[in-house]
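Reading through the structure tokens given below for one structure.
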Amino acid sequence: MIVTTRRYRYLDALTTAFVVILLVSNLIAQKVCVLGPFAVSGAVLLFPITYIFGDIFTEVYGFSASRRAIWLGFFGTALLYFMGAIIIALPPAPGWPNQQAFSIVFGFIPRILAASLVSFWAGEFANSYTMARLKLLTNGRKLWTRTIGSTVVGQAVDTTLVIFLTFVGTIPLRTLVSMVFTGYSLKVGYEVLATPLTYLVINRLKRAENADAFDRDESFNPFSFAEKPQ
């Protein structure tokens, strides 16, 4: 049970936006797009935003708020996969011509499903943990070191896990390493460029919510759902 000790004006709306962006990222991830010399998943344009949200949750509201959002996103994604499998399995109505297309969009391969869930969970928690720890080390100064440092760690965990869990044993190791490097570089570069926007949002939220969390007494246990008093 999650115990909330303080009501914030924007936390619920931000959490909802985080989950929606995550779900949409999973739906568009199957299309491979060309960006300059790179062939990338369509999700590369949207999924990195979830890490910006993770930075915002941890910096403004604390690790417990980020943990809550991560678990909501995890279960929301799992429900998307589960319901997609059920609806695909149901027989289509006579004359409905789109069963194959529907199956392609919503028919997640079990291995990809597992890789996506594990990498999301591990990467987001690595991001938030790094963000919180760096804030304590810097005593709240130099926000850019936290937003970029947490991204470097979180995206390394996420990108490496999702690519290796999805493709190991099916393509050469050199190709796997190249895919990790390309995806990781694009995601980190994306969030570095977004740093000014992240600064703007965080600073405005701190003023609006009168909040600036320091997780000095936080256990950082991803399986603990009790929020500490603010």
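For every residue, the table says whether it meets (1) in contact with a Cys (Cβ under 9 Å, 6 or more places away or on another chain); (2) modelled with pLDDT of 90 or more; (3) basic (K, R).
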{"site": "R146", "(1), (2), (3)": "no, yes, yes"}
{"site": "T159", "(1), (2), (3)": "no, yes, no"}
{"site": "G169", "(1), (2), (3)": "no, no, no"}
{"site": "L173", "(1), (2), (3)": "no, no, no"}
{"site": "L205", "(1), (2), (3)": "no, yes, no"}
{"site": "E209", "(1), (2), (3)": "no, yes, no"}
{"site": "P222", "(1), (2), (3)": "no, yes, no"}
{"site": "E227", "(1), (2), (3)": "no, no, no"}
Checklist entry - Going by the structure shown, is F214 within 24 Å of N26 (Cβ to Cβ) and surrounded by fewer than 19 Cβ atoms within 10 Å (Cβ to Cβ)? => result no
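Looking only at region 4-14, decide whether some residue is among the basic types (K, R), part of a helix (DSSP H, G or I) and out of contact with any Leu (no Cβ under 6 Å at 6 or more places or on another chain). Show your work before the answer.
Restricting attention to region 4-14, the residues satisfying the condition of being among the basic types (K, R) are 6-7, 9.
Applying the additional criterion that residues be part of a helix (DSSP H, G or I) yields none.
No, because not a single residue in region 4-14 is among the basic types (K, R), part of a helix (DSSP H, G or I) and out of contact with any Leu (no Cβ under 6 Å at 6 or more places or on another chain).
Being in a helix (DSSP H, G or I) and either buried (at least 19 other Cβ atoms within 10 Å of the Cβ) or of a type in the set (S, T, N, Q) (or both) is the filter here, so list the residues in region 103-112 that pass it. Working first, answer last.
Step one: filter region 103-112 for residues in a helix (DSSP H, G or I), giving 103-106, 110-112.
Selection gives S103 alone.
Yes or no, residue by residue, for (1) free of Cβ contacts under 8 Å to residues at least 12 places away in the same chain; (2) not polar (S, T, N, Q):
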site	(1), (2)
L165	no, yes
S178	yes, no
P196	yes, yes
P222	no, yes
Next on the checklist: Just to check your reading of the model, which residue among L176, L200 is out of contact with any strand residue (DSSP E or B) (no Cβ under 9 Å at 6 or more places or on another chain), assigned to a helix (DSSP H, G or I) and hydrophobic (A, V, I, L, M, F, W, C)?
Outcome noted: L200
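Yes or no, residue by residue, for (1) in a helix (DSSP H, G or I); (2) surrounded by 19 or more Cβ atoms within 10 Å (Cβ to Cβ); (3) touching a residue at least 60 places away in the same chain (Cβ under 8 Å):
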position: P92; (1), (2), (3): no, no, no
position: A101; (1), (2), (3): yes, no, no
position: A114; (1), (2), (3): yes, no, no
position: A122; (1), (2), (3): yes, no, no
position: N127; (1), (2), (3): yes, yes, yes
position: K135; (1), (2), (3): yes, yes, yes
position: R146; (1), (2), (3): yes, yes, yes
position: G154; (1), (2), (3): yes, yes, yes
position: V162; (1), (2), (3): yes, yes, no
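Could you go through region 182-191 and let me know if any residue there is surrounded by fewer than 14 Cβ atoms within 10 Å (Cβ to Cβ), of a type in the set (G, A, S) and within 21 Å of the chain's Cα centre (by Cα).
Taking region 182-191 first, the residues surrounded by fewer than 14 Cβ atoms within 10 Å (Cβ to Cβ) are 185, 189.
Remaining after also requiring of a type in the set (G, A, S): 185, 189.
If we keep only those that are within 21 Å of the chain's Cα centre (by Cα) too, we end up with 185, 189.
The answer is yes, given that some residue of region 182-191 is surrounded by fewer than 14 Cβ atoms within 10 Å (Cβ to Cβ), of a type in the set (G, A, S) and within 21 Å of the chain's Cα centre (by Cα).
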Next on the checklist: Tell me yes or no: at least one residue of region 13-25 is of a type in the set (G, A, S), out of contact with any Phe, Trp or Tyr (no Cβ under 6 Å at 6 or more places or on another chain), closer than 26 Å to E218 by Cβ and without any contact (Cβ under 8 Å) to a residue 60 or more places away in the chain.
Outcome noted: yes
Next on the checklist: Looking only at residues that are surrounded by 18 or more Cβ atoms within 10 Å (Cβ to Cβ) and closer than 26 Å to Y61 by Cβ in region 22-45, which one is modelled with the highest pLDDT?
Outcome noted: L22
Next on the checklist: So the check is Cβ under 6 Å with 6+ separation or different chains; which pairs have a first residue in region 31-59 that's on the phi > 0 side of the Ramachandran plot and a second one that's assigned to a helix (DSSP H, G or I) and surrounded by 22 or more Cβ atoms within 10 Å (Cβ to Cβ)?
Outcome noted: none
Checklist entry - What single numbered condition from (1) over 19 Å from the mean Cα position of the chain (by Cα); (2) at pLDDT 95 or above fails to hold for V153? => result (1)
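The values are calculated or read from the model by the stated rules, or taken from the named source; none is laboratory data. All of these numbers come straight from a predicted model, not from anything done at the bench. Note that we place each Cβ from the backbone using ideal geometry, even for glycine, and neighbour counts take in every protein chain shown.
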